[in-house]
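The values are calculated or read from the model by the stated rules, or taken from the named source; none is laboratory data. This structure is a prediction, so every number in the text was calculated from the model and none was measured. Heads up, the Cβs are rebuilt from the backbone with ideal geometry, glycines too, and the neighbour counts pull from every protein chain shown. Remember, those area values only see protein heavy atoms, side chains included, never the ligands or the DNA or RNA. Shrake-Rupley method; radii C 1.70, N 1.55, O 1.52, S 1.80 Å.
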Amino acid sequence: GQQVMQIPQYQHVQEGEDFTTYCNSSTTLSNIQWYKQRPGGHPVFLIQLVKSGEVKKQKRLTFQFGEAKKNSSLHITATQTTDVGTYFCAGYGGSQGNLIFGKGTKLSVKP
Amino acid sequence: NAGVMQNPRHLVRRRGQEARLRCSPMKGHSHVYWYRQLPEEGLKFMVYLQKENIIDESGMPKERFSAEFPKEGPSILRIQQVVRGDSAAYFCASSRTGERYGYTFGSGTRLTVV
């Protein structure tokens, strides 16, 4: 079945440094979604990318969808302590359209 | 506009007991999904339901686990004869009909089996 892989698993940064997490799928994706989960919280939808090569920005966050629609990245510029959490990418798998999540990248930010 | 409501937030069960987890989707959402999350792990898909129908249960263990989404009332994830390995956070999510929108997740039920 479809697999979605994310690297790195953990990332520790100093506040103000940049951060990037990468997502790769074993199959071509119709779209990709990104979620953030704060410690002790629940996943919260951030964004969906649909088009090949698409780039979207949300303030300090930049999301990219690869040309082949098999990989994606999330880049955070000048991290802040409020960015702490686990970032998941997710793609549609199975014949019925449920989301398959990567294992996530856990970001910690040292003030 | 209430989001996805899950209850209870925390549930403690002894080995061999039954656990019932409830989920009311967001208003206007007719698709419900259940995911399990172990500490420091990702979200593992369990089951996808629409009203009165199980669409995909490929991620759910064949034994002891069942799910339903009746015409009236919340979706229920039922775990019979719980074992220690069932301890996890169980998240329910809902989405709109027929289109690939993002999921809205509930706050989850943290199940502890003692």
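If Lys and Arg each add +1 and Asp and Glu each add -1, what is the summed charge of the other residues whose beta carbon sits under 15 Å from the beta carbon of A:LYS59?
My count for the surroundings of A:LYS59 gives +2.
If you wrap the protein assembly as shown's Cα atoms in a convex hull and average its projection over all directions, what's the area in nm²?
12.5 nm²
State the Kirkwood hydrodynamic radius of chain B in Å, one decimal place, computed from all pairs of distinct Cα atoms. Don't jump to the answer; show the numbers that get you there.
Numbers: mean 1/r = 0.0712 Å⁻¹.
Result for chain B, one decimal place: 14.1 Å.
Net charge around A:CYS23, counting only other residues with Cβ within less than 15 Å of its Cβ (Lys, Arg = +1; Asp, Glu = -1)?
Computed value for this residue: +4.
Hey, what's the protein assembly as shown come to in accessible area per residue, 1.4 Å probe, Å²?
50 Å²
Taking all protein chains as present, what is the carbon and sulfur share of the accessible area of the protein assembly as shown, in % to the nearest whole number, probe 1.4 Å?
48 percent
Give the distance, in whole Å, between the Cα centre of the range A:1-72 and the Cα centre of the range B:48-114.
The distance from the Cα centre of the range A:1-72 to that of the range B:48-114 comes to 25 Å.
Select from the range B:38-68 all residues whose loss of accessible area on going from the chain by itself to the full protein assembly reaches 20 Å² or more (probe 1.4 Å).
Residues passing the criterion (a loss of at least 20 Å², heavy atoms only) are B:GLU40, B:GLU41, B:GLY42, B:LEU43, B:PHE45, B:TYR48, B:ILE55, B:ASP56.
So, taking all protein chains as they sit and a 1.4 Å probe, how much accessible area belongs to B:ILE76, in Å² rounded to tens?
B:ILE76 exposes around 20 Å² with every protein chain in place.
Hand me the trypsin sites (Lys or Arg not before Pro) from the range A:13-111 located in a DSSP loop with no more than 11 other Cβ atoms within 10 Å, in residue order please.
A:LYS51, A:LYS59
How high is the relative contact order of the range B:52-114, in percent, counting Cα pairs under 8 Å that sit 6 or more residues apart?
Details: 74 pairs, mean separation 16.3, N = 63.
Relative contact order here is 26 percent.
Given a cut-off of under 8 Å on Cα pairs at least six residues apart, what relative contact order in percent is computed for the range A:59-111?
Taking the mean separation of contacting Cα pairs over the length of the range A:59-111, I get 30 percent.
Once the other residues with Cβ under 9 Å from the Cβ of B:PRO70 are scored (Lys, Arg +1; Asp, Glu -1), what is the net sum?
-1
On a 29 Å Cα-Cα criterion, which of the cross-link pairs A:LYS56/A:LYS106; A:LYS51/A:LYS103; A:LYS106/B:LYS62; A:LYS56/B:LYS71; A:LYS51/B:LYS44; A:LYS70/B:LYS62 come out too long?
Violating the 29 Å Cα-Cα cut-off are A:LYS106/B:LYS62; A:LYS56/B:LYS71; A:LYS70/B:LYS62.
What's the total accessible area buried between chains A and B, using a 1.4 Å probe, rounded to the nearest 100 Å²?
Approximately 1700 Å², summed over both chains.
I need the GluC sites (Glu not before Pro) found in the range B:8-49, filtered to DSSP loop residues with at most 11 other beta carbons within 10 Å of theirs.
When the GluC sites (Glu not before Pro) of the range B:8-49 are filtered for loop state and at most 11 Cβ neighbours within 10 Å, B:GLU18, B:GLU40 remain.
Looking only at A:SER72, A:SER26, A:SER52, which one moves most when chain A is put into a Gaussian network model with springs between Cα atoms under 10 Å?
The residue that fluctuates most here is A:SER26.
Write down the radius of gyration of chain A and its Dmax, each obtained from C-alpha positions, in Å.
13.5, 45
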